Amino acid sequence: MAIGNNVSQVNVKKTHCMHVTKEVEIKGNKVSYFEEGKGEIPVIFIHGFPFDKSMWKDQVYALSSDHRAIAYDVRGYGNSHAGTEEFTVDQFADDLFLFMDALQIRKAIVCGLSMGGYIVLNAITKQRERIAGLILCDTQCAADTEEGKEKRRKTIAFIKKNGLKDYAEESMKNLFAPQSFTDKKEQVAFVKDMILTAEAGNICKTLEALANRKETCSTLDKVNIPTLILVGKEDKVTPLAAAQKMQELIAGSQLHVIAEAGHMSNLENPSDFIAQVKVFLHLHR
């Protein structure tokens with residue numbers, strides 16, 4: 001059921017342009033988002049873990065002259081309510097479609113980075129007809145290994161004992177290419193701040209959700225929509241091999257490796273990132 005008339009402006013945040021942060025209520029929970037531009041088929045950006053919609057501000061602005069671009073906070077992050085349930089990636093995918101319903105969006109191109117990619121890959125197994133195109137960034141279709149699950153659960157225990165400061169310090173080591181710590185200090189500080197301002201309880205709930213997520217590799221041979229796969233050349237979290245696997249499984253998909261970037265490719269090399277997105281969108285208008 002569409003509830004777009006419940007949308008209200010709640011905050012104004014200045015970036016390159018004036019992003020007006022809006023909110024919509026879905027099943028009693030507030031979802032925060034911003035959007036720029038106009039277009040028949042919107043581009044919806046889904047952030048990674050444990051970040052928020054602000055990581056996409058430059059991309060939304062860059063697309064706004066030709067497209068309607070939207071970025072929203074996944075439940076429990078940024079200014080979106082967490083609700084009362086435990087988190088699952090399956091639930092996050094349902095949330096995407098409820099968000100689209102609320103904004104009266106029938107069909108969208110969806111771009112997800114890392115966890116955002118997991119959400120997109122889950123979503124396309126549910127309502128494939130509502131997704132016009134995929135942009136999968138620094139993500140993968142495989143589920144966690146048993147070792148990976150155990151690592152996430154140890155991280156949960158660590159956060160519950162020590163809080164977010166040490167967790168943030170440790171996380172940063174894997175998120176950026178080595179040179180970014182020298183050349184992209186502002187972006188590094190921005191990402192660290194996003195982690196530190198997230199709620200520890202929601203991070204722990206998300207870690208459990210990521211550990212329990214199902215693989216989607218076995219579904220990718222059924223994907224028959226335009227797909228762009230982007231990966232930072234020095235991504236340690238979801239490396240090139242993971243991107244290549246998805247390209248092999250999705251017929252006709254395009255893969256581009258972003259130089260001078262690790263896991264946060266849209267922030268480390270934003271010019272190449274947005275150039276590839278714009279070409280993809282132009283080819284598939």
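The values are calculated or read from the model by the stated rules, or taken from the named source; none is laboratory data. This structure is a prediction, so every number in the text was calculated from the model and none was measured. Heads up, the Cβs are rebuilt from the backbone with ideal geometry, glycines too, and the neighbour counts pull from every protein chain shown.
Return the residues of the stretch 47-88 that are of a type in the set (Val, Ile, Thr), closer than 21 Å to Ile105 by Cα and assigned to a loop (DSSP other than H, G, I, E, B); say none if nothing qualifies. Val74, the sole residue that qualifies.
Applying the set (1) in a helix (DSSP H, G or I); (2) touching a Ser or Thr at 6+ places or on another chain (Cβ under 9 Å) to Cys141 leaves exactly one unmet item: (1).
Criterion applied to Met55, Met18, Met100 was being at pLDDT below 90, out of contact with any helix residue (DSSP H, G or I) (no Cβ under 6 Å at 6 or more places or on another chain) and of a type in the set (A, V, I, L, M, F, W, C), and the one residue passing it is Met18. Candidates in the stretch 131-145 are the residues that are over 20 Å from Gly262 (Cβ atoms) and either among the basic types (Lys, Arg) or in contact with a His (Cβ under 9 Å, 6 or more places away or on another chain) (or both); of these, the one that is surrounded by the fewest Cβ atoms within 10 Å (Cβ to Cβ) is Ala132.
Show the residue pairs meeting these rules: Cβ distance below 6 Å; 6+ apart or different chains; first residue within the stretch 100-115 and of a type outside the set (A, V, I, L, M, F, W, C); second residue surrounded by fewer than 23 Cβ atoms within 10 Å (Cβ to Cβ) and part of a strand (DSSP E or B). From the stretch 100-115, the pairs are Lys107/Ala132. Residues that are hydrophobic (A, V, I, L, M, F, W, C) and surrounded by 24 or more Cβ atoms within 10 Å (Cβ to Cβ) within the stretch 116-130 comprise Ile119, Val120, Leu121, Ala123, listed in sequence order. Among residues of the stretch 269-285 that are free of Cβ contacts under 8 Å to residues at least 24 places away in the same chain and farther than 13 Å from Leu63 by Cα, those with a Cβ under 9 angstrom from a residue that is of a type outside the set (A, V, I, L, M, F, W, C) and in a helix (DSSP H, G or I), sequence gap 6+ or separate chain, pair up as Asp272/Ser265. Every condition in (1) crowded, with 20+ Cβ neighbours inside 10 Å; (2) within 18 Å of Ile131 (Cα to Cα); (3) without any contact (Cβ under 8 Å) to a residue 60 or more places away in the chain is met by Glu40 except one, and the failing one is (1). Note on the stretch 24-60: among residues that are out of contact with any strand residue (DSSP E or B) (no Cβ under 8 Å at 6 or more places or on another chain) and of a type in the set (D, E, K, R), the one that is nearest to Met172 (Cα to Cα) is Asp52.
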